[in-house]
Structures are given as C-alpha cells and as structure tokens.
Amino acid sequence: VQLQASGGGLVQAGGSLRLSCAASGTIFSINAMGWYRQAPGKQRTWVATATSDGRVDYADSVQGRFTISRDNAKNTVYLQMNSLKPEDTAVYYCYAARPGALLSWGQGTEFTVSS
C-alpha cells in the first residue's frame with residue numbers, strides 16, 4: 001500500500017484546512033485509515049481513525065474540531081480541521097492498517113498555525 005498525503009501550508013489561528021491522503025496498491029487489505037501528527041520536538045501522536053465499516057474515532061485534543069472522512073471510491077481519507085490552534089502545528093502523517101497490522105505511512109504533510 002502506498003499513501004500520498006497533501007494539503008499542508010500556513011493558516012491563521014481559528015482557520016480551517018483539509019488534508020487528503022490517497023491510497024494505492026493493495027488497497028483491498030485496508031481496514032482503517034487515519035492520521036497521526038508530530039509536533040516539533042515531540043513524539044508522534046494519534047489524531048483520528050476511520051474504519052471501513054464507518055466508525056470514526058478522535059483524540060480528545062481534536063474532538064469537535066476535526067472531522068475525518070473516507071471516500072472509498074477514491075481510496076482517499078480526508079481530515080477537515082476547523083478552529084485551528086497554534087498547538088495543532090505539526091507534520092501530519094496518514095496511515096493505513098488492517099486488523100492487527102500497520103500497512104503503510106504516508107510521507108507526511110506539514111502545516112503551521114500562526115497566532
């Protein structure tokens with residue numbers, strides 16, 4: 001499975017941004033797709049997941065502000081981010097997984113939220 005992420009940039013606090021991550025390759029094996037992020041000098045942390053059966057989950061820090069969605073026809077997962085805060089600044093990595101195993105990471109897409 002190969003993942004291609006896009007959508008980074010610079011946005012002001014309170015603004016919105018949408019990230020995309022398109023999967024290719026052995027996509028039939030994918031069950032879950034989602035996002036992690038890594039802020040400067042910090043560890044990579046989980047942000048959100050969307051499974052093939054329609055379940056979505058969010059980290060507490062983004063609950064109510066971020067929305068994850070999947071377009072199965074396009075093999076793409078999106079992360080709509082609203083009410084952005086400076087602490088959301090990070091490199092965002094999409095991932096794809098099947099039950100019990102990580103399949104692939106995307107290359108990371110970075111954005112900065114200015115205060």
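For the reader, a short list of remarks on this structure follows.
- Taken over the range 40-51, the criterion of being assigned to a strand (DSSP E or B) and not hydroxyl-bearing (Ser, Thr, Tyr) is satisfied by Arg44, Trp46, Val47, Ala48, Ala50.
- The residue that is nearest to Trp46 (Cα to Cα), counting only those in the range 57-71 that are of a type outside the set (Phe, Trp, Tyr) and open to solvent by less than 40 Å² (accessible area, probe 1.4 Å), is Ala59.
- Selected residue (criterion: nearest to Ile30 (Cα to Cα)) from residues of the range 57-71 that are of a type in the set (Asp, Glu) and not in a loop (DSSP other than H, G, I, E, B): Asp71
- Test: residue in the range 24-32 that is modelled with pLDDT under 95, under 10 Å from Ser104 (Cβ atoms), in a loop (DSSP other than H, G, I, E, B) and out of contact with any strand residue (DSSP E or B) (no Cβ under 7 Å at 6 or more places or on another chain): yes
- In this entry, Gly54 is excluded by the filter for residues that are at pLDDT 95 or above, part of a loop (DSSP other than H, G, I, E, B) and at positive phi.
- Any hit, the range 2-9, residues being over 16 Å from Gln107 (Cα atoms) and either of a type outside the set (Gly, Ala, Ser) or modelled with pLDDT of 95 or more (or both): no
- Boolean, Asn31 is open to solvent by less than 60 Å² (accessible area, probe 1.4 Å) and touching a Pro at 6+ places or on another chain (Cβ under 6 Å): yes
- Selection status of Gln43, open to solvent by 60 Å² or more (accessible area, probe 1.4 Å), touching a residue at least 40 places away in the same chain (Cβ under 8 Å) and either more than 24 Å from Ser114 (Cβ to Cβ) or more than 11 Å from the chain's Cα centre (by Cα) (or both): no
- Flag for Arg37 being in contact (Cβ under 8 Å) with a residue 40 or more places away in the chain and under 15 Å from the mean Cα position of the chain (by Cα): yes
- Subset of the range 9-21 [under 11 Å from the mean Cα position of the chain (by Cα) and open to solvent by 30 Å² or more (accessible area, probe 1.4 Å)]: Arg18
The values are calculated or read from the model by the stated rules, or taken from the named source; none is laboratory data. What you see is a predicted model; the values in this text were computed from it and never measured. Neighbour counts run over all protein chains shown; Cβ positions are idealised from the backbone, glycine included. Heads up: the accessible areas ignore ligands, DNA and RNA and are worked out on the full protein's heavy atoms, side chains in. Shrake-Rupley method; radii C 1.70, N 1.55, O 1.52, S 1.80 Å.
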